1. List the number of the failed condition for residue 216; all other conditions in (1) at pLDDT 95 or above; (2) over 17 Å from residue 153 (Cα atoms); (3) touching a helix residue (DSSP H, G or I) at 6+ places or on another chain (Cβ under 8 Å); (4) surrounded by fewer than 18 Cβ atoms within 10 Å (Cβ to Cβ) hold.
2. What helices (runs of 4 or more DSSP H), lying completely within region 121-205, carry at least 2 residues that are within 19 Å of residue 104 (Cα to Cα)?
3. Output the qualifying pairs, or none if there are none: Cβ atoms under 7 angstrom, residues six or more apart or on different chains, first residue in region 12-41 and surrounded by 16 or more Cβ atoms within 10 Å (Cβ to Cβ), second residue outside any strand (DSSP E or B) and at pLDDT below 90.
4. Just checking, which of 94, 119, 98 is more than 20 Å from residue 169 (Cβ to Cβ) and buried (at least 18 other Cβ atoms within 10 Å of the Cβ)?
5. For region 132-166, how many residues meet the condition of being farther than 25 Å from residue 103 by Cα and surrounded by fewer than 23 Cβ atoms within 10 Å (Cβ to Cβ)?
6. Check 224, 238 and return the single one that is under 18 Å from the mean Cα position of the chain (by Cα), crowded, with 18+ Cβ neighbours inside 10 Å and assigned to a loop (DSSP other than H, G, I, E, B).
């Protein structure tokens, strides 16, 4: 103990290879009944060296995840998975979480257009955000996973990701029209029904198919490798939604990994376990290099 009464700690190594800093801003502005409607993002960015002031080594470029936060297509709370994003950034990934418009402000595919505009913004601001544009992945949970999948499976080549991570996302809205859960899934006031303009899914199966990631999977389609994780006891979105996507990808000979989180709900506690983040990180490193 020092003479002034303090205790001394020395020789502890950093437990993470990178420090991180945070940035936020607006990536696009929409017109909303004559007023400007900003669409926001935040980025968690790794660095080596002091992240304050100079923000460390500005020559570094990192593999990057563009994230879409789930919300049932309501207004998002972008911060919901902030802890995950910090942990991933400490491991050497830029994570950019982006806002998309909720239903009521747009109908499908407006939210997909928003997400791809955010991806374009990430490309254009790669130096500022420390992004390696050759190593970009998409990731989303719940309705955000639907957006990430739709964007990944329909993007033009310049914006197509190297891979996509789907956490318990709606993937087959035609199948959803027949499914039951503890919430309304397919009526005009359901999240999916509202997304498509206030419809009953069963009465508009053509539109439900158009808004389904499974509808874009075919042997001759360019589909990035996909990681699917879904709670086996999900009370809101049936596990079979992810089964449908997995089987379609498998049958089309596309690269896919699928994890059933046994006993877990809709983004329940197991998704906060570091072992799950390890699975995501391993997939991202294998696909992004």
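1. That leaves (2) as the condition not met.
2. By residue number, 143-154, 191-195.
3. 18/48; 19/51; 19/56; 20/51; 21/51; 21/55
4. Being more than 20 Å from residue 169 (Cβ to Cβ) and buried (at least 18 other Cβ atoms within 10 Å of the Cβ) holds for just one of 94, 119, 98, which is 94.
5. Counting residues in region 132-166 that are farther than 25 Å from residue 103 by Cα and surrounded by fewer than 23 Cβ atoms within 10 Å (Cβ to Cβ) gives 8.
6. Matching residue, one of 224, 238: 224.
The values are calculated or read from the model by the stated rules, or taken from the named source; none is laboratory data. Just so you know, these numbers come straight off a predicted model, no measurement behind them. With ideal geometry, Cβ positions are generated from the backbone for all residues, glycine too; neighbour counts draw on all protein chains shown.
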